[in-house]
Amino acid sequence: MTAYEPVIGLEVHVELKTATKIFCSCSTDFGAPPNTQVCPICLGMPGVLPVLNRRVVEYALRAALALGCEVEPASQFARKNYFYPDLPKGYQITQYERSYAYRGHLDIEADGTSRRVGITRINIEEEAAKSFHGTRGPGGAGESYAPPRPSPDSPESAAGGGDEGEGYSLVDFNRGGVPLIEIVSEPDLRSPEEARAYLIKLRNLLLYTGISDCKMQEGSLRCDANVSLRPVGQEQLGNLVELKNMNSFRSVVRGLEYEIKRQTAVLEGGGRVARETRGWDEGRGATFSMRSKEQSDDYRYFPEPDLVLLRVDQAWLDRVGAEMPALPEARLRRMTQEQGLSEYMAGVIGADPLMAAFFDECVKLQGAGAGAGGGEGAAGVGGAITPAALANWITGDLARLANAEGVEFDALPVGPEHLVDLLRLVDAGRISGKMAKNLLEECWRAGQAGEAGQAGQAGQVGKAEQSGKDRPVAPLPSAIARGKGLEQVSDEGEVARIVASVLSGNGEAVASYHAGKDKALGFLVGQVMKASRGRANPALVNRLVREALGARS
Amino acid sequence: MPAVSAAQVRHVAALARLSWDERSAPKLVGELNEILAYISKLSELDTADVPPTSHALDLRDNVLREDEPRKGLAQAEALADAPDSEAGMFRVPRVVGGQ
Amino acid sequence: MTPLLAASPSITALTAAELRELLRRREVSAADAWQAYMSRAAALDPALRAFLEIAGDTPEVPGAPWETHPLLGGVPFALKDNICARGLFCTCGSRILEGFRPPYDATVTVRLREAGAMLMGKTNMDEFAMGSSCEHSGYFATANPWALDRVPGGSSGGAAAAVAADMTAFALGSDTGGSVRQPASFCGIVGLKPTYGLVSRYGLVAFASSLDQIGPLTKDVTDCALVLSAIAGHDPMDSTSARVAGEDYTRYLVPDIKGMRLGVPREYMGEGIEPGVRAAVERAVAGLNGMGAEVEECSLPHTEYGVATYYIIAPAEASSNLARYDGVRYGHRAGGARAGATTGAMTGAGAGTGAGGDLDLAAMYERTRSEGFGAEVRRRIMIGTYVLSAGYYDAYYLKAQKARTLVKQDFENVFARFDALVTPTAPTVAFPIGAKTADPLQMYLNDVFTIPVNMAGLPGISIPCGLSEGLPVGLQLIGPHMGEPTLLRLAYAYETASGIRHPRPAAVNAAVAAAEAIRAAGGVGGVAK
Ligand SMILES: [Zn+2]
């Protein structure tokens, strides 16, 4: 039987986090009431004209530099014409024949090998608005809304996924006109894992340039894939399928895996793969046909007459390069030389900007809390949680949990404040290291449950607006510990009482200790711990037992 | 250049989101063909080495705006002329089928 | 303010500059001027139908700074209805924008208000500026003040008629292929299409973005320079706005053109020109020669391709510019607000009604656009969509862009030798209402002499140069890029020497007399709509 090789190319849309929209001065802040960050320009009213935002160009140039692209001295905007309610002008301003950047590359590591993936081109374009699709309930007005369609730039995507057919949509133009770049890769990827590696590497690189939040769940980073199969060794590409609606790294992998299996089955059955656009249905774990290539829209691109050529000279490019935030190397140096992390640990954190951001936030919180709240209950203990200790927890337990659940560090159910709180409990001797591990997991579950509850209450419309900062809804570890009586007993009087009672009830062991059997000490300490139901501070127990025994040292 | 058929005109109408009315179609097809025949006069021109002009003026400088937010319209102003709205948003019939 | 003065045509007979002088000397007040023009507009509009909307009360109180602004303080004006003014409707002569009030001003509106001018209302036009006769308005046709059964030209026909009939002191129109110059020619007034980029397009509802330009329609050349001084200059809201500051164009009004080199392109004087038009233009050329200009024949060999090129590029851009009229955010929506009930028996292309009898989105789009746009607009959207569609782009649109280069190069070649070109503005005088509506192509060909100027982005001015069959003939002067000073000087010199300045149509005088007779008899005057 013929062996087939998948050929995959990715189109990634990235929202740029400028203060204002691409062609007007409306704010791009999240969370405002609908249609309050709009103006005649981004509402496509008659007679208005676009003026390009300088920072959009500079952010786009950062991406081009980070991806090693050649930047064109002159590029041109074009109109992509199609009708959709979230497209106020009836066309999207994008780049078509003359993009601003071409011929870049990204090196990825996957399956133990390194591979260079070509970047064909990058375009600057504008975001569509958000539509909320309602269904007509018995009362006439639709009070339930499905989530906004995932790829606003692709007009067809809303049609898929089993429409109810009737009803209506509501359109909010607050996000309409937010700047985007579209990064088109060469068909250089050969497996879903490589696609994932490419996306993560791309995301990390863009995060370091500071041009975007790159949050797939929130749509500030979106990915479409072109995938085809060909017999191994064959040069010519097979029939291409465009895959849409993948809203997480995991769904990209799952969608591609499914699609490769599906196409393999078609080919092995002697069939031909149809050239079409397919959507990924996360719920069913399958792709579905959205439209065939024959039905494909005719976008009637032509040069945008309302804008002039975008000219970028070497001086501007140099300036943008000089203003770029520190890339991974500089951060690594800081972590090892100033924060005392091991090379290994710095490497792990430095490779993931989201993890690095989490780490930075922890370090900041810890520093801020040391003076003020740090002393709370931490009798006599220094409150010195080192960056290395934080890094240990982040790359250890937290990373393990995150991996197991497949969530990114900007979307954990616990936040930096939780980790810092937890480490303060340990540092103050109020819980043991082992208890801390359990407490972290408990905190994590509580956070997940809280998230689900919140989403259920607010409805999905609300969730779309929910900003990342509000995410951790878990109670703090200290609160959980208090509530469950889990906290370590470090009160000397209380522990002394337990010690006294244990010693008096274990005369034999006391005697054997005095007879020179040091092992008895361990037994007695164990009994005290048991009597305290594990809550007594082990170090304190140890000291008090020794003292009570008139310990020889 | 060959004349356009009714089927082609119907396709163009769909692209432009204009209704297609079978009764008045022949007249429309006739008019379009007359106009297209006239504009096809351009095929007489040898433009092999001629660059296209998309702007009347050769604008050499970038035109850019600083990234500074400015107040736009209030929600009520944005929706003032909307044929239909609900919950602060523009209300439209739902898209049906894959267009 | 005396009622007698308001009813008198004497204030309205003045040009803007003359009125400004009386205002400066405080012989009349801005309120007098406002009242006089409003009364005359109200009296004449039932016959001419130049206005789509006339403003209500005086927009500002007398004594406000606008009364004293040296440029246009206290001078009433009108805007073509595709130029936005906050508080007034902006329909572009189209049913699809019926009831639309833009919550913003066009840049030119802001500048004229800052210069003290007072906005009287919005004038009729061919729908979305697509037409050469004002007959393609979605509301009604406008009559030519010189002959009420003739068209005023288009698309700025309402503006030209209003200025010609002294219903307003001046107006702004827009010119995509001749829409300021041709109606100026048909109505016997001055119309300037400035260099592309000299006047901001912000707030001008787009027809063909790479060709559109706002220009003044005025009673004489001095007013043209005055209004241009108020509106010209860079606007950061328009990316295609030229990086030039506004200036005082009246300083170019010097009646001396000795040694000026003028070209007469032979392609503009060939067949198809009415004999009366040719005669008037030849007289004017001889006159310019007599004033000391060096006149010579020249050639713009690609002239005959201008109209074909235009009728690819303009509809292509228009098909995209007019996509925003979809019944979602403003303007007309088929089936009413909720698009609820099924009405009519329109057959949609692949669209229809949902199972519950409601319009689905595709049907709402198609019916909204087919009901809202008139036949000419639909025709041009169809052509524009076709020439951009897959498989035809290269043959039509790209070809037209290349042809545009050739048209542009023609002008570059002659402007190496000439300071300006002299041509007829249109091949005919104003034609009878209904004469060309059945044949779109014949209507298009009326713009043969004005279109190439837009293709090349050049300035062109039309000034009256006499009559043919009792109707005005327009003389077009074309300049190189930013050649407005030359054009104004030339036009002013001709106006001064020929004595042809704001010729008065007899028909209007008769109409005014009739209106005044009615008023004197105690009847009602015209009522502002
Ligand atoms: Zn805006």
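The values are calculated or read from the model by the stated rules, or taken from the named source; none is laboratory data. Computed from a prediction, not measured in an experiment: that's the story for all the values here. Quick reminder, even Gly has a Cβ in these numbers, built from the backbone with ideal geometry, and neighbours come from all protein chains shown. Protein only, heavy atoms only, side chains kept; ligands, DNA and RNA dropped before computing areas. Shrake-Rupley method; radii C 1.70, N 1.55, O 1.52, S 1.80 Å.
When you scan segment C:170-177, do you find a residue that is outside any helix (DSSP H, G or I), within 14 Å of chain A (Cβ to nearest Cβ) and over 24 Å from C:V307 (Cα atoms), even just one?
Taking segment C:170-177 and keeping what is outside any helix (DSSP H, G or I), we get C:170-177.
Then drop every residue that is not within 14 Å of chain A (Cβ to nearest Cβ), which leaves C:172, C:174, C:176.
Then drop every residue that is not over 24 Å from C:V307 (Cα atoms), which leaves C:172.
Checked segment C:170-177: at least one residue is outside any helix (DSSP H, G or I), within 14 Å of chain A (Cβ to nearest Cβ) and over 24 Å from C:V307 (Cα atoms).
Can you say whether C:G99 is open to solvent by 10 Å² or more (accessible area, probe 1.4 Å), part of a loop (DSSP other than H, G, I, E, B) and either within 14 Å of chain A (Cβ to nearest Cβ) or without any contact (Cβ under 8 Å) to a residue 24 or more places away in the chain (or both), as far as the supplied structure shows?
It is true that C:G99 is open to solvent by 10 Å² or more (accessible area, probe 1.4 Å), part of a loop (DSSP other than H, G, I, E, B) and either within 14 Å of chain A (Cβ to nearest Cβ) or without any contact (Cβ under 8 Å) to a residue 24 or more places away in the chain (or both).
Given A:R319, A:R331, which one is on the phi < 0 side of the Ramachandran plot, modelled with pLDDT of 90 or more and basic (K, R)?
A:R319
Could you tell me how many of the residues in segment C:184-204 are closer than 19 Å to C:L488 by Cα and away from chain B (no Cβ under 14 Å)?
Kept after step one, since they are closer than 19 Å to C:L488 by Cα, are these residues of segment C:184-204: C:184-185, C:188-199.
Restricting the remaining residues to those that are away from chain B (no Cβ under 14 Å) gives C:184-185, C:188-192.
The number of residues fulfilling the criteria is 7.
Looking only at segment A:58-87, filter to residues that are in a loop (DSSP other than H, G, I, E, B) and in contact with a Ser or Thr (Cβ under 9 Å, 6 or more places away or on another chain); which one of those is farthest from the ligand (Cβ to nearest atom)?
Residue satisfying both the conditions and the ranking: A:E72.
If you scan segment A:25-52, which residues turn out to be over 32 Å from the mean Cα position of the chain (by Cα), among the small types (G, A, S) and either at pLDDT below 95 or within 13 Å of the ligand (Cβ to nearest atom) (or both)?
A:G44 - this is the single residue of segment A:25-52 that is over 32 Å from the mean Cα position of the chain (by Cα), among the small types (G, A, S) and either at pLDDT below 95 or within 13 Å of the ligand (Cβ to nearest atom) (or both).
Every residue, every condition in (1) touching a helix residue (DSSP H, G or I) at 6+ places or on another chain (Cβ under 8 Å); (2) crowded, with 24+ Cβ neighbours inside 10 Å; (3) in a loop (DSSP other than H, G, I, E, B), yes or no:
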{"residue": "C:S137", "(1), (2), (3)": "yes, yes, yes"}
{"residue": "C:A159", "(1), (2), (3)": "yes, yes, no"}
{"residue": "C:Q182", "(1), (2), (3)": "no, yes, no"}
{"residue": "C:G191", "(1), (2), (3)": "yes, yes, no"}
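Report, by residue number, each residue of segment B:54-79 that is in a loop (DSSP other than H, G, I, E, B), touching a Leu at 6+ places or on another chain (Cβ under 9 Å) and facing another protein chain (nearest Cβ under 7 Å).
Correct list: B:H55, B:A56, B:L59, B:N62, B:V63, B:G72.
Here are the criteria: (1) in a loop (DSSP other than H, G, I, E, B); (2) open to solvent by 10 Å² or more (accessible area, probe 1.4 Å); (3) in contact (Cβ under 8 Å) with a residue 40 or more places away in the chain; (4) within 23 Å of A:R311 (Cα to Cα). Tell me which single one A:A32 does not satisfy.
So A:A32 meets the others, but not (4).
Among the numbered criteria (1) modelled with pLDDT under 85; (2) closer than 16 Å to A:L207 by Cβ; (3) of a type in the set (A, V, I, L, M), which single criterion is violated by A:M355?
Of everything listed in (1) modelled with pLDDT under 85; (2) closer than 16 Å to A:L207 by Cβ; (3) of a type in the set (A, V, I, L, M), A:M355 misses just condition (1).
Given (1) more than 10 Å from the ligand (Cβ to nearest atom); (2) within 30 Å of A:E186 (Cβ to Cβ), identify the lone condition not met by A:I22.
(1)
For A:R55, only one of the following conditions fails: (1) more than 16 Å from the ligand (Cβ to nearest atom); (2) open to solvent by 20 Å² or more (accessible area, probe 1.4 Å); (3) not in a loop (DSSP other than H, G, I, E, B). What is its number?
(1)
Looking at segment A:1-24 only, could you name the residues that are assigned to a loop (DSSP other than H, G, I, E, B) and either more than 14 Å from every other protein chain (Cβ to nearest Cβ) or under 22 Å from the mean Cα position of the chain (by Cα) (or both)? Walk me through how you get there before you give the answer.
Taking segment A:1-24 first, the residues assigned to a loop (DSSP other than H, G, I, E, B) are A:1-3, A:16-19, A:21-24.
Of everything in segment A:1-24, those that are assigned to a loop (DSSP other than H, G, I, E, B) and either more than 14 Å from every other protein chain (Cβ to nearest Cβ) or under 22 Å from the mean Cα position of the chain (by Cα) (or both) turn out to be A:M1, A:T2, A:A3, A:L16, A:K17, A:T18, A:A19.
From the list C:M118, C:M130, which one is touching a Pro at 6+ places or on another chain (Cβ under 6 Å), open to solvent by less than 10 Å² (accessible area, probe 1.4 Å) and either touching a residue at least 60 places away in the same chain (Cβ under 8 Å) or farther than 18 Å from C:T450 by Cα (or both)?
Result of the check over C:M118, C:M130: C:M118.
Quick check: anything in segment A:112-134 more than 28 Å from the chain's Cα centre (by Cα), without any contact (Cβ under 8 Å) to a residue 60 or more places away in the chain and within 14 Å of chain C (Cβ to nearest Cβ)?
Yes: one or more hits.
So, of the residues in segment C:422-432 that are of a type in the set (A, V, I, L, M, F, W, C) and under 18 Å from the mean Cα position of the chain (by Cα), which turns out to be surrounded by the fewest Cβ atoms within 10 Å (Cβ to Cβ)?
C:F431
Sort out which residues of segment B:9-29 are more than 9 Å from chain C (Cβ to nearest Cβ) and either at positive phi or open to solvent by less than 10 Å² (accessible area, probe 1.4 Å) (or both), and write them in order of number.
Across segment B:9-29, the qualifying residue is only B:A25.
Quick check: anything in segment A:216-234 surrounded by fewer than 16 Cβ atoms within 10 Å (Cβ to Cβ) and under 30 Å from C:A318 (Cα atoms)?
No: zero hits.
Scan (1) open to solvent by less than 10 Å² (accessible area, probe 1.4 Å); (2) more than 10 Å from chain C (Cβ to nearest Cβ); (3) not in a strand (DSSP E or B) for the single condition A:T94 breaks and write down its number.
Checking A:T94 against (1) open to solvent by less than 10 Å² (accessible area, probe 1.4 Å); (2) more than 10 Å from chain C (Cβ to nearest Cβ); (3) not in a strand (DSSP E or B), the one that fails is (3).
For segment A:530-541, name all the residues that are surrounded by fewer than 19 Cβ atoms within 10 Å (Cβ to Cβ) and part of a helix (DSSP H, G or I).
Scanning segment A:530-541 gives A:K530, A:A531, A:P538, A:A539.
Looking at segment A:97-109, can you tell me whether even one residue there is modelled with pLDDT of 90 or more, under 27 Å from A:G44 (Cα atoms) and crowded, with 20+ Cβ neighbours inside 10 Å? Even if it seems obvious, please write down each step before you answer.
Here is the first cut: in segment A:97-109, the residues modelled with pLDDT of 90 or more are A:97-108.
From the residues that got through so far, the ones that are under 27 Å from A:G44 (Cα atoms) too are A:97-100.
From what's left, crowded, with 20+ Cβ neighbours inside 10 Å: A:99-100.
Scanning segment A:97-109 turns up at least one residue that is modelled with pLDDT of 90 or more, under 27 Å from A:G44 (Cα atoms) and crowded, with 20+ Cβ neighbours inside 10 Å.
Determine whether segment A:263-276 contains at least one residue that is in a helix (DSSP H, G or I) and open to solvent by less than 30 Å² (accessible area, probe 1.4 Å).
Taking segment A:263-276 and keeping what is in a helix (DSSP H, G or I), we get A:263-268.
Those still in the list that are open to solvent by less than 30 Å² (accessible area, probe 1.4 Å) too: A:263.
Checking segment A:263-276: at least one residue is in a helix (DSSP H, G or I) and open to solvent by less than 30 Å² (accessible area, probe 1.4 Å).
Looking only at segment A:193-207, decide whether some residue is away from the ligand (no atom under 16 Å from the Cβ), at pLDDT 95 or above and either under 23 Å from A:R284 (Cα atoms) or assigned by TED's automatic domain parsing to the domain that holds A:I349 (or both).
Within segment A:193-207, one or more residues are away from the ligand (no atom under 16 Å from the Cβ), at pLDDT 95 or above and either under 23 Å from A:R284 (Cα atoms) or assigned by TED's automatic domain parsing to the domain that holds A:I349 (or both).
A quick yes/no check of all residues on (1) touching a residue at least 12 places away in the same chain (Cβ under 8 Å); (2) more than 14 Å from the chain's Cα centre (by Cα); (3) closer than 14 Å to A:V12 by Cβ:
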residue: A:L189; (1), (2), (3): yes, yes, yes
residue: A:Y198; (1), (2), (3): yes, yes, yes
residue: A:L202; (1), (2), (3): yes, no, yes
residue: A:S220; (1), (2), (3): yes, no, yes
residue: A:L237; (1), (2), (3): yes, yes, no
residue: A:L240; (1), (2), (3): yes, yes, no
